[in-house]
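Structure first, then comments.
The values are calculated or read from the model by the stated rules, or taken from the named source; none is laboratory data. No experiment lies behind these values; they were computed from the predicted model shown. Backbone-built Cβ (ideal geometry, glycine too); neighbour counts: all protein chains shown.
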Amino acid sequence: MKVWALSFFVLILSCFLKVESNSSIYNVIDYGARGDGHIDDTKAFTKAWEAACSSSSSSSPTMHVPSEMTFMIQPLYFRGECDPKQINVEINGNIVGPKDPSDWTCYDGCREWIHFEHVDGLRVYGSGTINGQGQK
């Protein structure tokens, strides 16, 4: 009877406690990326970056690009100032640019394809590839 009463008490108590997810992984798939190499995944990368950059997690947040997928992105600026002291970008999949720079969707005459600006404590790692599909 005591075990049942204790279990019931824990169950009731858990209903009143606020449970927070302290996940510090921001997977681009969770933000709408398709990863088929053809559909533009730029918006999903932007949303995942913004979430990681503004994270209040106690651990260093990681923007995650999953393996065995190819993500096509337009020119993209990853901007800080980020709230965390360190931010990670884990690239295990493949990131590709449009096949021809004339297909780039640019504002302000972009000259870079991927650009990090005002980001302190940045760590980029993983087993994936970044292929801008430059000069042929």
Handout entry: Failed criterion for ALA52 (all others in (1) modelled with pLDDT of 95 or more; (2) in contact with an Asp or Glu (Cβ under 9 Å, 6 or more places away or on another chain); (3) not charged (D, E, K, R) hold)
Key = (2)
Completion exercise
With criteria (1) at pLDDT below 95; (2) within 13 Å of the chain's Cα centre (by Cα); (3) closer than 27 Å to VAL96 by Cβ, TYR77 comes up short on (2)
Handout entry: Qualifying positions in the stretch 22-42 - part of a helix (DSSP H, G or I) and touching a Ser or Thr at 6+ places or on another chain (Cβ under 9 Å)
Key = TYR31, THR42
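Tell me the residue from VAL89, VAL96, VAL124 that is touching a Leu at 6+ places or on another chain (Cβ under 8 Å), in contact (Cβ under 8 Å) with a residue 12 or more places away in the chain and surrounded by 12 or more Cβ atoms within 10 Å (Cβ to Cβ), please.
VAL89
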